[in-house]
Amino acid sequence: MRPSLPVEVFAVAEQKWVAGTLFFGIAEHNLEHYEQKWLPELLKRRRETPKLLKAGHEIAAVEDAHWDWAKKMLREHRAPLGFRSCAVEVEGETEGLMQVELATHRSRANKNLNLAYVDYISIAPWNRPWPGQLKRFKGVGSILLREAIRTSMDEGFRGRIGLHSLPGALTWYRDTLRMKAFGADQDYQGLHYFEFTEEQAERFMDEK
Amino acid sequence: MKFMKTGTPPTREWLMKAVELEADCDISAGPVLPVVEVSCPASAALVEVKREKVHEAFSILMRQLRLEQNLTVEELAHQIEVEPEQLHRIERHVGFKPPPRTLHRLADWHRLPVKAVIQMAGGVKRMNRSLEESVLCFAAKSESFERLNSDEKRLLNEFVQCLREQEE
């Protein structure tokens, strides 16, 4: 049985908190949910994007439809000390997935110090903004990011995390969380790179 | 255990703040991959994950069965007339594919169905589904210890019994 923590997420339509679970490790049924439930919806949204943009909707392209989570788990299986993954589940459904890499990345804000690099973080398509649809749950992304920081703390990295944001999530990392921004990374598909410093991580985790 | 954590769950107050901050943002981070329409991208790798776990279970099983008989690798190799190096590789090198003769000898010695042993050792492309489930269950619960405690012995015996019940 996978170790886990109880969490709560906010059901938008019902306007109430519902119980969920943060599992440490991604299980086969999470991969199956991704393949059978997330992927068809992500691909459908990708097909709908040009029409919605033409109609004037401000939406971000669906850019993670081809993340192969099973391959990510394979590399974790092969190098278990270098990765931590987790999944948020609500009522048996997979609502968010994350994999953090611990061995090879160094902080750009604090030169040469280790950090937890959020290699992949993704929430179910129905929890993302989309024209004409309410998000099903809010809070899943924050729970995952909190776990990335906790993992960094557990590893002795004092909460330092780094990540490359997909264009659709720039607002969240840059403007809302105000992570330390390092601009477009030409060595990484031009994606913007961000870090939480120790102080920022501490503020994010602050329970008050 | 690798994923064991000692942390506490987020409080409702923290979550309320987080949900307010999240508003209508997306949070995805990671590489942009080329757009290739595929119907089933996860399946192939999932099969590979399972195959590696099965190989791992085979290595553990062979090691545990030998330890239960209080044999060294050299002693067992002598008994079944194979090179000790092969047994070392079976027990230590996950994914090593031993020659059929060695698998037959091991199956005979441990009184296991040859087909099941060959399947576990990666000798066939498709594995019997019920066998695969039993093997993955065994793999999830087992580790390669020097000595087996009573729980591990029970688990090993149950799994061996399950293997012996597989159709020849």
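Could you order A:Lys54, A:Lys135, A:Lys71 by accessible surface area, starting with the largest, using a probe radius of 1.4 Å?
Highest to lowest solvent-accessible surface, that is A:Lys54, A:Lys71, A:Lys135.
State in Å² the accessible area per residue of the protein assembly as shown; use a 1.4 Å probe, count heavy atoms of protein chains only, and round to the nearest integer.
With all protein chains present, the protein assembly as shown gives 49 Å² per residue.
Tell me which GluC sites (Glu not before Pro) from segment A:143-208 have a DSSP coil assignment and no more than 12 other beta carbons within 10 Å of their own.
Taking segment A:143-208 and a limit of 12 other Cβ atoms within 10 Å, the loop GluC sites (Glu not before Pro) found are A:Glu207.
Once the Cβ-Cβ distance between B:Glu158 and A:Leu81 is put in as r, and R0 is 30 Å, what FRET efficiency do you end up with, to the nearest 0.05?
0.50
What percent does the relative contact order of segment A:125-208 come to when contacts are Cα pairs within less than 8 Å and at least six residues apart?
Result for segment A:125-208 is 24 percent.
Please list the helices of chain A that count as membrane-span-like by this rule: a mean Kyte-Doolittle hydropathy of at least -0.5 together with Cα atoms stretching 15 Å or more along the helix axis, each helix being a complete DSSP H run.
A:140-154
Counting other C-beta atoms within 10 Å, and keeping those with at most 14, which DSSP coil GluC sites (Glu not before Pro) do you find in segment A:1-53?
The qualifying sites are A:Glu14.
Between A:Glu202 and A:Ala13, what is 0.36 nm times their sequence separation minus the Cα-Cα distance? Round to one decimal in nm.
64.9 nm
Before rounding to the nearest 500, sum -39500 (n - 2.57) across all DSSP H runs of length at least 4 in the protein assembly as shown and divide by the residue total; then give [θ] at 222 nm in deg cm²/dmol.
-13000 deg cm²/dmol
The values are calculated or read from the model by the stated rules, or taken from the named source; none is laboratory data. Computed from a predicted structure; not experimentally measured. All Cβ positions, even for glycine, are placed from backbone atoms using ideal geometry, and neighbour counts span all protein chains on display. Only protein heavy atoms, including side chains, enter the accessible area calculation; ligands, DNA and RNA are left aside. Shrake-Rupley method; radii C 1.70, N 1.55, O 1.52, S 1.80 Å.
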